1. For the stretch 84-92, take each phi angle, set θ = phi - 60°, evaluate the Karplus expression 6.51 cos²θ - 1.76 cosθ + 1.60, and give the result in whole Hz per residue in order, putting x for glycine and proline.
2. Can you list the HN-Hα couplings for the stretch 52-68, worked out from phi with the Karplus curve (6.51, -1.76, 1.60; θ = phi - 60°), rounded to whole Hz and with x for Gly and Pro?
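All of the numbers you see were taken from the coordinates with simple rules; none came from a lab. Quick caveat, the model's predicted, so the values are computed rather than measured.
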Amino acid sequence: MERVRWDIQKNFLVAFRSYPRLAGSDPDEQVDEEQYTENPVAAFRIESHFDIIRGYNSATGEQGNVIVEDSSDKHWYERDYIRVDWSRNLITNFEFISSAATITNLDYVVEEEQGGPDAFHVDRTDGKMSYFDFTSKMHVVPDPWGCMATWY
């Protein structure tokens, strides 16, 4: 598991490691945990940036009773919500101990409503999200020489 700092970009949600992987490897002696970002460990495609608002008549500005997702009134970086495709991590550097010839991420996501051990899970404290957990799957083809090296 990684402790990460999220960076919301126009098309991607990128997770950067929030601590030095090797203690003392950062030339700066004082590591500010609140601001530190190391290598990205995950990136997911953002499907949309949107606000949830009451629909309105664009000619008169009169509000209606229908709640809608608005993705046109503000710039993408000013909107309050994002919809993320959690099914595929776009970064494949998982830093395995054994060498591998190919690593392929597989499209896989289990929604919270479906339940089960692989389901997307959100832990909320005081109405705020404090932790979330999801499962990814990948196909790994090991390098035969790398496998032989682990026998010694």
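1. 10, 8, 7, 6, 9, 7, 7, 9, 10
2. Once θ is set to phi - 60°, the couplings for the stretch 52-68 become 9, 9, 7, x, 8, 7, 5, 7, 9, x, 6, 6, x, 9, 8, 8, 10 Hz.
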